[in-house]
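Reviewing the structure listed below.
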Amino acid sequence: MSRSSFIRLDALSKSFAGVQALRGVSFAIEAGEVVCLAGENGSGKSTLIKILAGAEKPDAGTIGIDGADVAALDPRASVAHGIQVIFQDFSLFPNLSVAENIAFSAELGSKRRLVARRRMRRIAEEVLQRIAVDIDLDRRVETLPVADKQLVAIARALALNARLVIMDEPTTALTEREVRSLLGIIRRLKASGVAVLFVSHKLAEVFEVCEKIVVIRNGAVVADAPATEFDLGSLAFHMTGRRFPETFPAPAHGGDRILEVEGLSREGTLHDVGFALRRGEVLGVAGLLGSGRTALAKALFGLMPVDRGTVRVEGREVRLRSPAEAVAAGIGYVPEDRLTEGLFLSQSIERNVSVGRLDAFANAVGVLDRPALGREAAGWLAELTVAAPDLGAPVKSLSGGNQQRVVLARWLAGRPKILILNGPTVGVDIGSKADIHAVIASLAADGLGIVVISDDLPELIACCHRILVMKAGRIVDEIGAERIGEQELAARLAS
């Protein structure tokens, strides 16, 4: 199928307060082409997306649309040219219906004086039919699951005659089945002539759906080629300038049992869950959404009471009725959602690390030895290579990968015996992901017992000695990670 050029970027540059975010970025997107924009956090991807959306203007360079050059876009012009960005929060109206969310912007753009609900429903129906999706048009968007909200956002873009849909980390919160559905929709958009700019840290998805890959590093394009010219290793190298091992083989784990769980049950959530974890072992837990994997983590950290069951740490039975009791037993927990559950975003990087160590650095009357507390925090941050120019800066100023390492540093400062990592690399770039995997291997080598809960199957295979498969609150399978591939593991989860 022959294609015509839709958008061509020529030598775009942009700086903020003297920091060069983009350096002469040039590449093209053809009509009906699916392009991956790849790069680490801080590489310039977000700045480029904002320029295409009209939210930022380049300092230099031009944007060509349908062969005509424009110096810059504003939001209205961007939409008029058919450019639509679907951000991670989807930017929907939660209190409005599906039909209203899909058709609202189109109605607003038509400048009609009165809203015609029948016409809005017709617009919504036609767009959803176009992507072969069935969603109740009268349902309030706030009641939808994440995957359906994303589909509503895509439908809204098409209702505005989108010619380029930019998807920013579209699969972060989706299950494997929902990811498959989204990739199918992207293929349908492509077949209908709509171009897609796909931004994702999940590189396997990139190769599955994208025809071309553009890699940005330090604000400059370092690779622009058909996807067939890359593999995971070469793409990671272009993104980071580093070579990574595919796995981090952990040392032999013949240590004694550090954690034993027997008959752990909670009505409707967990059913007779039992397993053991040895010192120096990395144990993976895999399962689809609703399988009970996060419920298990919360039960072991005292965040969710159980009806019955026994937990022993180093052979001694422990009660886990609160996080304080879990910490006292030597259990640490890095939650899946670091932004709402794992960090104090407005507090400093240093305070986020040291918050769990205040008692250890207080004297008899409660006065803190702040210099010693700060030295310990700085030591852990240095060990985990947290890139922070100022430890007094708010933790929200860090990239996702560095934020995750701050959460790890907090727990390691407390010297736990067992560390539960729920989605340890969600939303982090390839370089930070490899670094976190290396940290996991190092901690296991030091004798920690580690539980890794993840829906990233290559991550489980790379990091873990064994993998437990959960379904409907039960452990239904146990697999040696070195004896299984990604496709077989995915098949066991789906069966």
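Note on the chain: antiparallel DSSP beta bridges, both residues inside, total approximately 55 percent of the bridges counted. Please enumerate, by chain and number, the lysines with C-alpha under 23 Å from the C-alpha of Lys471, excluding those fewer than 8 residues away in the same chain. By straight Cα distance, Lys471 reaches Lys298.
Straight Cα distances below 22 angstrom link Lys433 to the lysines Lys45, Lys202, Lys396, with same-chain residues fewer than 8 positions distant left out. Remark: region 298-306, residue by residue, has Karplus-estimated 3J(HN,Hα) of 5, 5, 6, 9, x, 8, 9, x, 10 Hz, where x stands for each Gly or Pro and the curve is 6.51 cos²θ - 1.76 cosθ + 1.60 at θ = phi - 60°. Note down the magnitude of the dipole of the chain about its Cα centre, charges +1 on Lys and Arg C-beta and -1 on Asp and Glu C-beta and zero elsewhere, to the nearest 20 debye. Taking the Cα centre of the chain as origin, the dipole is about 1080 debye. Loop-located chymotrypsin sites (Phe, Trp or Tyr not before Pro) across region 85-183 with a Cβ neighbour count of 15 or fewer within 10 Å are Phe87, with loop assigned by DSSP. If you take all other residues with their beta carbon under 13 Å from the beta carbon of Leu22, and give Lys and Arg +1 and Asp and Glu -1, the sum is +3. Report note on the peptides 435-446, 283-294: ranked by the mean count of other C-beta atoms within 10 Å, highest first, their order is 283-294, 435-446.
Sum up the charges of everything whose Cβ sits under 9 Å from the Cβ of Asp307, counting Lys and Arg as +1 and Asp and Glu as -1, but leave Asp307 out. Kindly include the intermediate steps, with their values, before the conclusion.
Values: positive: Arg266, Arg308; negative: Glu267.
Net charge around Asp307: +1.
How much length is gained if the chain between Ala362 and Ala77 is pulled fully straight, taking 0.36 nm per residue apart and subtracting their Cα-Cα distance, in nm to one decimal?
Values: separation 285, 0.36 × 285 = 102.60 nm, distance 5.89 nm.
Gain on extension, Ala362 to Ala77, equals 96.7 nm.
Every number in this text was worked out from the coordinates using simple rules, so none of it is lab data. All values reported here derive from a predicted model rather than from experimental measurement. Backbone-built Cβ (ideal geometry, glycine too); neighbour counts: all protein chains shown.
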